[in-house]
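Taking it in order: structure first as structure tokens, then the write-up.
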Amino acid sequence: MRLKNQILLQINKYHVLYLALFLYFIWPSRFAMVYYENLKHDDIFDNLLKKTSRNSNIIDKINCNYYELFEKNQFFYKDPFSSELLNEAEIKQGGEYWPDNCNTLFSVAIIVPYRNRANQLKLFLRYMHNYLRKQQIHYKIFIVEQADSKAFNRAKLFNIGASYALRENFPCLIMQDVDLMPLKLGNIYACTERPRHMSSALDSFRFNLPYYGLFGGAIAMTSDTFIHINGFSNMFQGWGGEDDDIYARLVNKKYKIIRFNPSIAQYTMLKHSKEIPSPERYQFLRSGYLRFDTDGLNSLVFREIGLKSLDLYTNILVEV
Ligand code: UDP
Ligand code: MN
């Protein structure tokens, strides 16, 4: 009896503690579970901006049918190391595609800030071209590459990419990190009328949203909206802050963001080491509102080093 008590005592002391710790680490809401307004699969189509940048009425084709995409919301992701690029000949020079057997209703420029992540870029291009062609959209991939060795300026690279996409009349801009892969096909790469935070269910956050105003990773907004808020600030050099600043720009102009349901908005992030956060980010963020109208698309200065139309993407090489 005494022995039994002793064993129980030992269990109490150590194992309960270990168990509590273990439960804490596997608890799905260890990252704050924030409720967010979201569109379910049968709300999505009606909320999309149906606009293309090509004249798709010339040939008498029927409109593409998007019903199955949302209804099935098929899981598409395979380890990109093991997936290969399918039917490469369908992809046009510069990394552009539109379906040939039906009229697409959506044109989108996909803009990716980039420097020195060759392996991730290779996987991204392979996976995204396979994924995006399933969605029957017209898209073009712009990789905006920082050529200088200054601190990485993600936000400014987005502004630069957007300025090229706007020249080609893309009505919708998607701005996304090179290491993010959407898992479900229902997460259509098109714009809702409201600005959309796309990567709200990210595996590295256990598919939860850490805070309501998070507007990083992958976002979509109409070109009109992007111009209206004056794009991103150009001043956020180094890691962090630029996504909170653009969220503040949207709020300032009375936009309400939207997200897709977490069953649709799932992403995986490729593993990489953490960049060192910029110590200046708080200071820029705090004073950001003073510069909304003067620092952004309308004050964008950079040097184009090269512009190449490659097989799988358009490469814009710049000094910022
Ligand atoms: N990035 C890059 N090279 C760098 C730093 C950043 O290409 O040296 C790009 C890349 O698209 C990356 C994005 O900027 O996905 C955001 O950086 P990071 O992935 O480090 O941010 P985090 O995952 O910590 O939010
Ligand atoms: Mn990342």
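The values are calculated or read from the model by the stated rules, or taken from the named source; none is laboratory data. If you're wondering where the values come from, they're calculated on a predicted model, not measured in any experiment. Here the Cβ is made from the backbone with ideal geometry for all residues, glycine too, and neighbour counts use every protein chain on show. Just so you know, the surface numbers come from the protein's heavy atoms only, side chains and all, with ligands and any DNA or RNA stripped out. Shrake-Rupley method; radii C 1.70, N 1.55, O 1.52, S 1.80 Å.
On a 1.4 Å probe surface of the protein chains, which of 276, 188 comes out largest in accessible area, and what is the full order?
Numbers: 276 150, 188 0 Å².
In descending accessible area the options line up as 276, 188.
Rounded, prolate or oblate: which one fits the range 152-197, using the alpha carbon gyration tensor with axes a ≥ b ≥ c (rounded when a/c is under 1.5, else prolate when a/b beats b/c, else oblate)?
It is oblate, given that a/c is not under 1.5 and a/b is not larger than b/c.
In percent, how large is the relative contact order of the chain, given Cα pairs closer than 8 Å and 6 or more residues apart?
Computed value for the chain: 24 percent relative contact order.
Taking the chain as the reference, fit the longest principal axis to its C-alpha atoms, fit the long axis of helix 154-167 to the helix C-alpha atoms, and give the angle between the two in degrees, 0 to 90, nearest 10.
Tilt of helix 154-167: around 30 degrees.
Give the lysines whose C-alpha is closer than 16 Å to that of residue 61, dropping any in the same chain fewer than 8 places away, or say none.
Cross-link targets: none qualify.
Calculate what fraction, in whole %, of the accessible area of the chain sits on carbon and sulfur atoms when a 1.4 Å probe is rolled over the protein chains.
For the chain, the apolar C and S fraction of the accessible surface comes to 56 percent.
If one takes the longest principal axis of the Cα atoms in the chain, at what angle in degrees, from 0 to 90 and to the nearest 10, does the Cα axis of helix 242-252 lie?
Helix 242-252 sits roughly 70 degrees off the main axis of the chain.
Farthest toward the dipole's positive end in the range 213-320, which of 216, 278, 235, given Cβ charges of +1 (Lys, Arg) and -1 (Asp, Glu) about the Cα centre?
The listed residue farthest towards the positive side: 216.
With all pairs of different alpha carbon atoms counted, what Kirkwood hydrodynamic radius in Å does the range 111-248 show? Before the final figure, lay out each step's value.
On the way: mean 1/r = 0.0645 Å⁻¹.
Mean inverse Cα-Cα distance, inverted, gives 15.5 Å.
Please build a GNM for the chain, connecting alpha carbons under 10 Å apart, and tell me which residue among 121, 180, 310 fluctuates the most.
Top of the fluctuation ranking is 310.
Under a straight-distance cross-link criterion of Cα-Cα below 27 Å, which lysines are reachable from residue 254, leaving out those fewer than 8 residues away in the same chain?
40, 50, 51, 156
Let me have the relative contact order for the range 188-302, percent, based on Cα pairs under 8 Å that are six or more residues apart.
Numbers: 157 pairs, mean separation 41.9, N = 115.
After rounding, I find 36 percent.
Relative to the longest principal Cα axis of the chain, at what angle does helix 118-133 sit, 0 to 90 degrees, rounded to 10?
70
Between the range 247-313 and the range 112-138, what's the alpha-carbon centroid distance in Å?
Rounded to whole Å, the Cα centres lie 18 Å apart.
Cα centroids of the range 160-235 and the range 64-82: how far apart, whole angstrom?
A separation of 19 Å, based on Cα centres.
Need one number for the chain: average projected area of the convex hull over its C-alpha atoms, nm². Let's see the in-between values first.
Numbers: hull surface 82.5 nm².
Directional mean of the projected Cα hull area for the chain stands at 20.6 nm².
Ordering 284, 22 from largest to smallest accessible area (1.4 angstrom probe), what's the sequence?
Result, largest first: 22, 284.
Just the number please: accessible area per residue for the chain, 1.4 Å probe, all protein chains included, in Å².
Per residue, the chain has 51 Å² of solvent-accessible surface.
Counting only DSSP beta bridges with both residues in the chain, what percent are antiparallel, rounded to the nearest 5?
Here the antiparallel bridges make up roughly 45 percent for the chain.
For the range 66-174, state which GluC sites (Glu not before Pro) are in a DSSP loop and have at most 10 other beta carbons lying within 10 Å of their beta carbon.
84
Given labels modelled 7 Å from the Cα in the Cβ direction, how far is it in nm from residue 299 to residue 272?
Here the modelled spin labels are 2.8 nm apart.
Comparing 87, 298, 12, which has the greatest mean-square fluctuation in the GNM of the chain with Cα pairs linked when under 10 Å apart?
Among 87, 298, 12, the largest mean-square fluctuation in the Gaussian network model of the chain belongs to 12.
What translational diffusion coefficient, in µm²/s and rounded to a whole number, does the Stokes-Einstein relation yield for the range 44-134 at 4 °C and a viscosity of 1.567 mPa s, taking the hydrodynamic radius as the Kirkwood radius over Cα pairs?
The calculation lands on 85 µm²/s.
Report, by chain and number, residues whose modeled amide H sits under 5 Å from the one on residue 267, excluding near sequence neighbours (fewer than 5 apart, same chain).
Counting only residues 5 or more places away or on other chains, the set is 183, 201, 202, 203.
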